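Single-structure report; data block below.
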Amino acid sequence: MRTRYGISPWIDLTPGSRVPDYSRLRGAHTTQVVIVGGGLTGCATAYACALAGVKTMVIEADRVGRGSAGRSAGLLLPEPGPSFLDIEHAHGLRAARAAFDSWRRASLEGAALLRRLNIKCGLEPVTPLIVANRDDERMLRREFDARAKGGAGGTWLTRALLGKLTAAEAPAAIRMRDAFSLDPYRACLGLSAAAASRGAAIFERSQVKKVTFTRRHVDVILESGQVRASTVIVATGTASLEFRQLRRHFKRRESYFVLTEPLPAAIRKQVGRRDTTFSDTQRPHHRVRFTADDRVLVGGATQDETPERKRPSILVQRTGQLMYELLTMFPAISGLVPEYGWDVLSGETADGLMYIGPHRNYPHHLFALGGGGDSVTGAFLAARILLRTVQGGAEKDDAIWAFTR
């Protein structure tokens, strides 16, 4: 079997008959809210706005769902990425509690929405774990104690209890709840269709060239058209060239993922329960999950963005590296072949948290930027916060996601 490099399995394995074909934007349009970015965040926000009766338009430069969402690990996780201790040290206990609580609720709300809309994306509950590397048990215990003190929840697992969930060697772990696995590409396509059915206009292959604003409105200018709106929502993952002033808030990073061939029956019994997903305490961390057809997905090797001409060779190297590291976790998979190896680009903030909301230098703009490739929960959190802001009803706890935090 030859490894397919640079191709997301979520996109590759979706039949063409299930992929909608939206038209290019042409001519002049007027709307209340225009969303730049047709990923999971853009589509979830479009659905939320359209459901609330807001006239909404989505503009995607490529194809809907084929950016970072369709190249992610395919998980709704209950924690925002950085540790509770890191957020507490940077912003205080109340902010850490608010960040974890709002992110967990977004995971549950996202899963509930996908079920309510009957979107066929393989949504299943999983048990999320953070496992300690050999020398990190004390560090992880401090994190657990901080979460317990802050009311963030979780259960401490010793090696004996952990062994019932996974065969990966680790001295201890934190077990959480309210996590789900899914096919993120199909989830995105389903949400775009749901938004369109509620009246949202969606355009693909429509590259934004410039965004200008006055006191009353914003103009989004494209190669073949223009959109005038009361508000533009920028959901492009990281700050694009149109927003150079914001790029200093983000470090462009590459993460890598590998999906193996299906596990033979004899090996399945030796890797532990497959309704789990775990990350470890290594930096950068690894992310491991299993798919419904008994494949193993491993992610990690995150690094600063590399020159485009070097990426193909680096992708091959990182795929081999991740397979070797997966083998050290599960020696029983020796001989297993990687079927897919791909990368995803993200915008990493200084504290690891997304930025969601307005920025003082950009009137009539709202942003949903940042986040890594492990979890797509931020899309549903952003949709909730952005709709509230459009309607003028932001909540106090939204401040932890603001540029002013």
(message) Any residue in the range 299-317 that is more than 21 Å from Phe250 (Cβ to Cβ) sitting within a Cβ distance under 6 Å of a residue that is open to solvent by less than 70 Å² (accessible area, probe 1.4 Å) and not small (Gly, Ala, Ser)? List the pairs, counting only those 6 or more apart or interchain.
(response) Leu315/Asp343
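Each row is one residue, and each column tells you yes or no for (1) within 30 Å of Ala172 (Cα to Cα); (2) in contact with a strand residue (DSSP E or B) (Cβ under 9 Å, 6 or more places away or on another chain).
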{"residue": "Gly38", "(1), (2)": "no, yes"}
{"residue": "Tyr47", "(1), (2)": "no, yes"}
{"residue": "Ala61", "(1), (2)": "no, yes"}
{"residue": "Arg66", "(1), (2)": "no, no"}
{"residue": "Arg105", "(1), (2)": "yes, no"}
{"residue": "Ala111", "(1), (2)": "yes, yes"}
{"residue": "Asn118", "(1), (2)": "no, no"}
(request) Could you check Ala239 against (1) out of contact with any helix residue (DSSP H, G or I) (no Cβ under 6 Å at 6 or more places or on another chain); (2) within 27 Å of Phe203 (Cα to Cα); (3) in a loop (DSSP other than H, G, I, E, B) and say which number it fails? (result) (1)
(request) May I ask you to say which residue of Ala235, Ala265, Ala301 is modelled with pLDDT under 95 and among the small types (Gly, Ala, Ser)? (result) Ala265
(request) Go through (1) crowded, with 18+ Cβ neighbours inside 10 Å; (2) free of Cβ contacts under 8 Å to residues at least 40 places away in the same chain and name the single condition Gly53 misses. (result) (1)
(request) Kindly establish whether Leu326 is outside any strand (DSSP E or B) and crowded, with 16+ Cβ neighbours inside 10 Å. (result) yes
(request) May I ask you to list pairs of residues, at least six apart or on different chains, whose Cβ atoms are under 7 Å apart, with the first in the range 353-367 being on the phi > 0 side of the Ramachandran plot and the second being part of a strand (DSSP E or B)? (result) Gly357/Leu366; Gly357/Phe367; His364/Phe213; His364/Val218; His364/Ser230; His364/Thr231; His364/Val232
(message) Every residue in the range 283-314 that is part of a loop (DSSP other than H, G, I, E, B) and under 15 Å from Val131 (Cα atoms), please.
(response) Arg283, Pro284, His285, His286
(message) Out of Asp101, Asp86, I need the residue that is over 23 Å from Leu40 (Cα atoms) and assigned to a helix (DSSP H, G or I). Which one?
(response) Asp86
(request) Report, by residue number, each residue of the range 258-289 that is hydrophobic (A, V, I, L, M, F, W, C) and open to solvent by 10 Å² or more (accessible area, probe 1.4 Å). (result) Ala265, Ala266, Ile267
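The values are calculated or read from the model by the stated rules, or taken from the named source; none is laboratory data. It should be emphasised that the depicted structure is a prediction, and the values quoted were computed from it without experimental measurement. Cβ: placed from backbone, ideal geometry, glycine included. Neighbour counts: every protein chain shown. These accessible areas exclude ligands, DNA and RNA; they are computed on the full protein's heavy atoms, side chains included. Shrake-Rupley method; radii C 1.70, N 1.55, O 1.52, S 1.80 Å.
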